[in-house]
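What follows is a short report on a single structure.
Please treat every number below as a calculation from the coordinates, not as lab data. Remember, predicted model here, so these are calculated numbers, not experimental data. Cβ atoms come from the backbone with ideal geometry, glycine included; neighbour counts cover every protein chain shown.
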Amino acid sequence: MVFDGCPLPAKELTNDARRDLKAASLARGLELHDAGGAGDREMDAEAAKLFVAAVHVTVEMIKLAFDACKARRVESLVAPNEADAQMTYMVNSGNCAAAITEVTI
């Protein structure tokens, strides 16, 4: 398991845009949830998608996941910067057979 490290300064604008999109997704999800109320399945499903898009992973969440991996003897590390570059290096150098990543915005 590879976790993201420090954010890259060169991606500051991208990260700002992602943060804004997450905030907008949360606001819209709350609007749909409040407007539809429990029972409107279509609105609830759309609100749920927006809530997923709004999730912000905190340092505390990463530490919990990292500690859980360690407790289960799952090899894991924190990349110097973004995990994608670290995973690419590990696959290309033969240190792992495959990598799976998901980028959400």
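What list do you get for Ser76, Ser93 if you sort them by fewest beta carbons within 10 Å? Write out the running numbers ahead of the final one.
Details: Ser76 15, Ser93 8.
So the residues, fewest neighbours to most, are Ser93, Ser76.
Going by how many other Cβ atoms sit within 10 Å of their own, how do Met87, Met1 line up, fewest first?
Sorted ascending by nearby Cβ count, the order is Met1, Met87.
Taking trypsin sites (Lys or Arg not before Pro) as exposed when DSSP calls them loop (any state but H, G, I, E, B) and at most 11 other Cβ atoms lie within 10 Å, what is the longest stretch of the chain free of them, the sites themselves excluded?
1-71
What's the local net charge at Leu32, with K and R +1, D and E -1, over the other residues with C-beta under 11 Å away?
For residues surrounding Leu32, the net value is -4.
List the lysines whose Cα lies under 24 Å from the Cα of Lys63, skipping any in the same chain that are fewer than 8 positions away.
Lys11, Lys22
For a quick check: with amide H placed at 1.01 Å from N, whose amide H comes under 5 Å from Phe3's, ignoring anything fewer than 5 positions away on the same chain?
Leu77, Val78, Ala79
Which one is right for this structure if log10 I(q)/I(0) by the Debye sum over Cα atoms at q = 0.11, 0.15, 0.22 Å⁻¹ is calculated from it: (1) -0.28, -0.55, -1.30; (2) -0.49, -0.80, -1.14; (3) -0.51, -0.86, -1.23?
Label (2) holds the value from this structure.
Using only Cα atoms, tell me the angle between helix 83-92 and the longest principal axis of the chain; keep it within 0 to 90° and round to the nearest 10.
Around 40 degrees separate the two axes.
Note the angle between two axes, namely the Cα long axis of helix 12-36 and the longest principal axis of the Cα atoms of the chain, as a number of degrees from 0 to 90, rounded to the nearest 10.
The helix 12-36 is inclined about 40 degrees to the chain.
Please say if the range 1-51 is rounded, prolate or oblate, where rounded means a/c under 1.5 for a ≥ b ≥ c the square roots of the C-alpha gyration tensor eigenvalues, and otherwise the choice is prolate for a/b larger than b/c and oblate otherwise?
prolate
What angle, in degrees between 0 and 90 and rounded to the nearest 10, separates the Cα long axis of helix 41-53 from the longest principal axis of the Cα atoms of the chain?
The two axes meet at around 40 degrees.
Mean residue ellipticity at 222 nm from the helices of the chain, using -39,500 (n - 2.57) per DSSP H segment of n ≥ 4 over the full residue count, to the nearest 500 deg cm²/dmol?
-19000 deg cm²/dmol
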